[in-house]
Amino acid sequence: MPRVTFVKDHQSRRETAGRNPESGGRRPGKAVLAGLAAELFTLGRDPLPPMRRPRWLARLPHVLVVLLAALLSGLVSNNLFNQYGLEGGQVLLLTALTGASIVLAMFRPVAAWWLGLGTALATAFVIYDSVDQGQNWMWTPAGMFAFAAVLLLAALRVSPLAAFALLGSSLLVTVLMETIGRPLHATWSVFQVPVLFGAATLIGYALRGLRVARGQLHEQETLTEEERARRTLLEERSRIARELHDVVAHHMSVISIQAQVAPHLVENPSEELKENLAGIRENALEALTELRRVLGVLRSENPEDPADPHHPQPTLADLDALVDNVRGAGLTVTTEIAGIRRPLTPGIELTAYRIVQEALSNCLRHAPGSRVEVGIAYGPRDLHLCVANTAPTGPVPPSPGAGHGLLGMRERAGMLGGELAAGARPGGGYEVTAVLPTEPPGSPTDTEKPA
């Protein structure tokens with residue numbers, strides 16, 4: 001690249017880096033001012049959020065604001081009638097506008113600020129000739145508190161910069177009005193207004209910061225819970241892969257041995273047969289090698305972990321020992337087996353055992369002292385599992401776990417094309433049911449088999 005072109009490109013990148021890309025090339029200061037102007041001159045809807053807890057008090061802030069609007073409107077009406085001697089439609093109109101600005105602040109805070117400021121200017125114009133010695137102008141005593149409520153409600157929703165811009169604009173208008181047009185015998189409001197308006201804005205700003213912090217904390221907790229569930233799912237899948245390694249490796253080993261032995265079982269096998277059987281054995285050995293490589297990644301760091309693939313995987317034949325262990329922990333467990341008991345594929349045996357094991361573990365943790373029924377039904381094409389417990393009779397200790405046992409059970413059942421359901425029982429307690437197909441999809445049924 002020529003040096004001149006390089007220098008021009010470098011200078012162009014430096015100029016671009018000094019701009020705000022989100023503001024179309026404007027400088028950051030101009031972008032901030034443009035954003036502030038857009039926020040101050042918008043009439044967009046920004047409703048006051050309800051309380052989260054308790055739910056039956058969700059609309060309590062709105063009720064309180066309406067009551068406050070009614071109270072301050074009454075005080076404004078009293079000020080205009082008793083202190084400034086106004087009566088008739090002027091009092092009703094200014095009172096209604098004052099209350100409307102506070103109520104509107106619950107839904108459109110910036111529009112409410114404009115309405116409140118306009119009402120204050122209109123009030124100052126109406127009472128100008130009625131101000132006596134020592135009376136306030138341009139703000140009436142009740143009008144100051146009404147506008148302070150509008151500022152507080154606005155600071156709860158708008159950005160901090162916009163909130164203090166509203167405060168500064170209010171104070172600037174007050175100073176200009178009292179400096180230029182204040183009646184000679186009226187008292188100054190510039191000593192009272194900054195304290196009251198500033199306190200209202202600071203309180204709204206603090207409450208807004210607290211609400212935003214709580215919202216971010218709730219969002220973070222939600223993200224953390226989702227991440228925990230996702231991590232638990234991945235860990236469960238990894239554990240399932242480790243456990244099923246023995247199942248797949250066993251069948252691949254059998255295929256390899258049968259392919260090696262088959263030529264010796266046939267007299268004068270052809271070279272084509274030997275070549276095909278050698279290819280089958282070679283493919284089986286390659287598959288075993290890949291399985292061992294994957295197993296090295298998925299293997300538990302704890303060699304004594306019972307889920308480690310080097311340990312024999314349990315089957316439904318080990319169910320009696322599992323039930324005896326649970327009985328020894330204090331639960332009353334009964335088992336019932338329906339149908340013709342028969343050996344199933346290792347994957348189904350392992351999955352069924354793990355589902356029953358997890359369900360019994362949940363009974364121990366969450367239903368101490370309950371009675372548990374374990375049912376296994378062998379169907380012609382599927383295996384039915386049911387683990388149900390009654391309501392606990394003892395205190396339920398807090399569980400330190402993440403509570404994703406059902407996730408693992410569903411993952412195991414879904415891996416085999418089965419279904420799992422869990423839920424509370426009508427009379428109390430809990431029930432877990434699962435259906436695992438014992439025949440692969442697409443296998444011929446009894447009616448499809450030749451006679």
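The values are calculated or read from the model by the stated rules, or taken from the named source; none is laboratory data. Since the model is a prediction, treat every value here as computed from it, not as a measurement. As a convention, Cβ positions derive from the backbone with ideal geometry for all residues, glycine included, and neighbour counts pool all protein chains shown. Calculation scope for accessible area: heavy atoms of the full protein, side chains included, ligands and nucleic acids excluded. Shrake-Rupley method; radii C 1.70, N 1.55, O 1.52, S 1.80 Å.
Please verify whether segment 238-250 includes one or more residues that are surrounded by fewer than 16 Cβ atoms within 10 Å (Cβ to Cβ), acidic (Asp, Glu), more than 30 Å from MET106 (Cβ to Cβ) and modelled with pLDDT under 80.
no
Scan segment 40-58 for residues that are surrounded by 12 or more Cβ atoms within 10 Å (Cβ to Cβ) and either in contact with a Ser or Thr (Cβ under 6 Å, 6 or more places away or on another chain) or basic (Lys, Arg) (or both) and report the count.
Residues that pass the stated criteria total 1.
Among what's in segment 161-172 and is in contact with a helix residue (DSSP H, G or I) (Cβ under 8 Å, 6 or more places away or on another chain) and open to solvent by less than 40 Å² (accessible area, probe 1.4 Å), pick the residue that is nearest to GLY209 (Cα to Cα).
By that ranking, first place goes to ALA163.
Can you name the number of the only condition in (1) in a helix (DSSP H, G or I); (2) touching a residue at least 24 places away in the same chain (Cβ under 8 Å); (3) open to solvent by 70 Å² or more (accessible area, probe 1.4 Å) that THR201 fails?
In the conditions (1) in a helix (DSSP H, G or I); (2) touching a residue at least 24 places away in the same chain (Cβ under 8 Å); (3) open to solvent by 70 Å² or more (accessible area, probe 1.4 Å), THR201 misses (3) alone.
I need the full set of residues from segment 260-279 which are assigned to a helix (DSSP H, G or I) and open to solvent by 80 Å² or more (accessible area, probe 1.4 Å), in order please.
Of everything in segment 260-279, those that are assigned to a helix (DSSP H, G or I) and open to solvent by 80 Å² or more (accessible area, probe 1.4 Å) turn out to be GLN260, HIS264, LEU265, GLU271, GLU272, LYS274, GLU275, ASN276.
Could you tell me whether segment 354-367 includes any residue that is within 17 Å of ALA422 (Cα to Cα) and outside any helix (DSSP H, G or I)?
yes
Please report, ordered by residue number, the strands (runs of 3 or more DSSP E) entirely within segment 372-451 with at least 3 residues that are at pLDDT 90 or above and among the charged types (D, E, K, R).
none
Identify the single condition in (1) at pLDDT below 90; (2) in contact with a helix residue (DSSP H, G or I) (Cβ under 8 Å, 6 or more places away or on another chain); (3) within 12 Å of MET138 (Cα to Cα); (4) surrounded by 16 or more Cβ atoms within 10 Å (Cβ to Cβ) that VAL193 does not satisfy, given that it satisfies every other one.
Here VAL193 meets the rest and fails (1).
Only one of LEU420, LEU407, LEU416 is touching a Lys or Arg at 6+ places or on another chain (Cβ under 6 Å) and farther than 22 Å from ASP324 by Cβ; which?
Working: LEU407 fails: touching a Lys or Arg at 6+ places or on another chain (Cβ under 6 Å); LEU416 fails: touching a Lys or Arg at 6+ places or on another chain (Cβ under 6 Å).
From the options LEU420, LEU407, LEU416, the qualifying one is LEU420.
For (1) touching a strand residue (DSSP E or B) at 6+ places or on another chain (Cβ under 8 Å); (2) of a type in the set (Gly, Ala, Ser); (3) closer than 14 Å to ALA154 by Cα, each residue gets a yes or a no:
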{"residue": "LEU67", "(1), (2), (3)": "no, no, no"}
{"residue": "TYR84", "(1), (2), (3)": "no, no, no"}
{"residue": "THR95", "(1), (2), (3)": "no, no, no"}
{"residue": "THR98", "(1), (2), (3)": "no, no, no"}
{"residue": "SER101", "(1), (2), (3)": "no, yes, yes"}
{"residue": "PRO109", "(1), (2), (3)": "no, no, yes"}
{"residue": "GLY116", "(1), (2), (3)": "no, yes, yes"}
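Name the single residue that is farthest from PRO437 (Cα to Cα) among those in segment 343-364 being touching a Ser or Thr at 6+ places or on another chain (Cβ under 9 Å) and surrounded by fewer than 16 Cβ atoms within 10 Å (Cβ to Cβ).
Only one residue tops the list, namely PRO343.
Would you check which residues across segment 351-373 are out of contact with any helix residue (DSSP H, G or I) (no Cβ under 6 Å at 6 or more places or on another chain) and aliphatic (A, V, I, L, M) and list them?
VAL356, ALA359, LEU364, ALA367
In segment 331-353, what residues are in a loop (DSSP other than H, G, I, E, B) and among the β-branched types (Val, Ile, Thr)? So that I can check it myself, show each step before the final result.
Start the filter on segment 331-353 by keeping residues that are in a loop (DSSP other than H, G, I, E, B), which leaves 331, 339-345.
Selection gives ILE340, THR345.
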